[in-house]
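The values are calculated or read from the model by the stated rules, or taken from the named source; none is laboratory data. Quick caveat, the model's predicted, so the values are computed rather than measured. We place every Cβ from the backbone using ideal geometry, glycine too, and count neighbours over all the protein chains shown.
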Amino acid sequence: MNTCKGICLGLELKKFNGKTRYENNQKHCTQCNVFIDCSEVRCPCCRCVLRVTPRAGKYRKLFQERKDELRY
Ligand SMILES: [Zn+2]
Ligand SMILES: [Zn+2]
């Protein structure tokens, strides 16, 4: 079971005022309910899959790579 370990609190993005949060590689963890800046598919805190904006078609590739992630 994925649980928040508090690691995300140190990664949380709080400096964005009015800007689209999904810009600049930001992703949302629904489990921790935070926006973090990371290049990984999964949250470094709870390991659940991070959400990205549906408009960013290039991120679809990341979801396909999840298959590889599952091996870990
Ligand atoms: Zn967390
Ligand atoms: Zn998380």
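Condition (residue is at pLDDT below 90, surrounded by 13 or more Cβ atoms within 10 Å (Cβ to Cβ) and not polar (S, T, N, Q)) applied to region 61-68: is it met by at least one residue? Among the residues of region 61-68, at least one is at pLDDT below 90, surrounded by 13 or more Cβ atoms within 10 Å (Cβ to Cβ) and not polar (S, T, N, Q), which makes the answer yes. Can VAL52 be described as at pLDDT below 85 and surrounded by 16 or more Cβ atoms within 10 Å (Cβ to Cβ)? Criteria met by VAL52. Please determine whether any residue of region 14-29 is near ligand 2 (Cβ under 10 Å from one of its atoms), at pLDDT 90 or above and under 10 Å from the mean Cα position of the chain (by Cα). Yes, there is a match, as at least one residue in region 14-29 is near ligand 2 (Cβ under 10 Å from one of its atoms), at pLDDT 90 or above and under 10 Å from the mean Cα position of the chain (by Cα).
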